[in-house]
1. For a quick check, take a GNM of the chain with Cα springs below 10 Å and name the residue from SER303, SER254, SER378 with the largest mean-square fluctuation.
2. Lysine pairs in the chain with Cα distance under 17 Å, only those 8 or more apart or on different chains: how many are there?
3. May I ask you to list the residues of segment 165-183 whose amide nitrogen lies under 20 Å from a point 7 Å from Cα along the Cα→beta-carbon direction of GLU231?
4. Place a point 7 Å from the Cα of PHE90 along the Cα-to-Cβ direction; which residues of segment 335-365 have their backbone N under 16 Å from it?
5. Within 13 Å, Cβ to Cβ, of ALA97, how many net charges do the neighbouring residues add up to if Lys/Arg are +1 and Asp/Glu are -1?
6. In Å², what does the accessible area per residue of segment 1-157 work out to with a 1.4 Å probe?
7. Expressed as a whole percent, how much of the Cα-Cα distance distribution for the chain exceeds 39 Å?
8. Rg to Rh ratio, segment 235-390, alpha-carbon atoms and Kirkwood radius?
Amino acid sequence: MNAFKDTQSLSELQAFVQLRRQIHMMPELGGETPATAAVVAEKLASWGYEVHRGIGGHGLVGVRRKGNSTRSIGLRADMDALPMQEENRFAHASQIAGRMHACGHDGHTAILLAAAWRLADSVDFDGTLNLIFQPDEEGLCGAKKMMEDGLFTRFPCDAIFALHNLPGIPLGTAVVQPGPTMAASQQVSIEIQGRGGHGAMPERSVDPFPVIASLINAIQTIKSRNLAVDEHAVISIGMVNAGTVYNIIPDTASMLLSVRTDSPETEQKINRRLEEIVRGHEQLYGVTISLQTDQLAPALVNSKFETQKVRQCLEPLFAPGTLLSQGKKLMATEDFAWMLTQVPGCYFFLGNGEGEFHGCSVHNPHYDFNDELIRLGSDCWVKIVQGCLS
Ligand SMILES: [Zn+2]
Ligand SMILES: [Zn+2]
């Protein structure tokens, strides 16, 4: 069960717990992760990895080759934090106001470094190992930027893998799920162009307010009336903006929606319905409406073969019944999905624990990554490397 304990001393594991806490104290946001990337680069170089920095900004890849095989795999960790105030009071709480590692990316980085250290010398494999450290997962831009900067042409991978901690399920539990695993996300922007005027003379205006009120209601019917029960989607209106004072009818009104789906077909269906609703409202109210959809990330789909491979590799690490193949449906988004559009692979979850502390949701000001996962997570990476590059 505890390969780390078997092969390495606890004090060595403790060094990675300290490193995780050090990263936790100095969170960096979005694509601006120079200090975290520097720590990662320095560690990898000191263990003999070939380190390539500045890929799509502060992204980096550590490469290690062993044996003669031409096979190669990529393991990815994310490095960025969130723009929120940490409410924890422990010694390793964030030292920077308004920034917090509330998604555990500090832990994912430490896990991959702990694995890197073990894979450098004490563990054998045959092939090329590419360790991918990406910024800006939360902004859903980091993976794409690294790919646009030639990630997979410079470091070809036959398969790629990533993991995320999952609070609310017990430590020692994993979810390795084939097929759609995380949702596609798009931002939809709607802008109504009416004709403003005096609040006392609405007959001389084209008021955008009744239009936006009606749109808000009509959009709710897409999920409830147009989608079947097995077509998973979430449509949320996150912003509505119109008007300034009580006696002016504004020219325009606008809103932003978040649309999440687990398949391109459902996404297309929703987009088609949005288009029909918007054009119908133009006719009904005599306004013009612009509708813009921006895809932030596609659905994350695990390939069958690589998912099966991960299950096989992880089996020896997990007690019977704790290696799950189906988790709770998650409509959150992950930008590793972009990488999986180019290379087959698998993204899986490790339970962060239950209860008030380790069960606390990610993106919550009281969240913290469970340091116990550093050992288990690095065990997982070592097994996957051994299984894929043997
Ligand atoms: Zn997050
Ligand atoms: Zn995350």
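1. For the chain, modelled as a Gaussian network with Cα springs under 10 Å, the answer is SER254.
2. Details: LYS5/LYS383; LYS66/LYS383; LYS223/LYS269; LYS223/LYS329; LYS309/LYS383.
Taking the Cα cut-off of 17 Å, the pair count is 5.
3. Under cut-off, by backbone N: 180-183.
4. Zone members listed by number: 352-365.
5. Values: positive: ARG99; negative: GLU86, GLU87.
With Lys, Arg at +1 and Asp, Glu at -1, the net is -1.
6. Numbers: 6190 Å² over 157 residues.
On a per-residue basis, 39 Å².
7. Numbers: 19347 of 75855 pairs.
Result: 26 percent of Cα pairs exceed 39 Å.
8. Numbers: Rg = 22.5 Å, Rh = 20.0 Å.
The Rg/Rh ratio comes out at 1.12.
The values are calculated or read from the model by the stated rules, or taken from the named source; none is laboratory data. Remember, it's a predicted structure, so these values are computed and weren't measured experimentally. Using ideal geometry, Cβ is built from the backbone for each residue, glycine included, and neighbour counts are taken over all protein chains shown. Accessible surface is based on the protein model in full, side chains and every heavy atom, while ligands, DNA and RNA are left aside. Shrake-Rupley method; radii C 1.70, N 1.55, O 1.52, S 1.80 Å.
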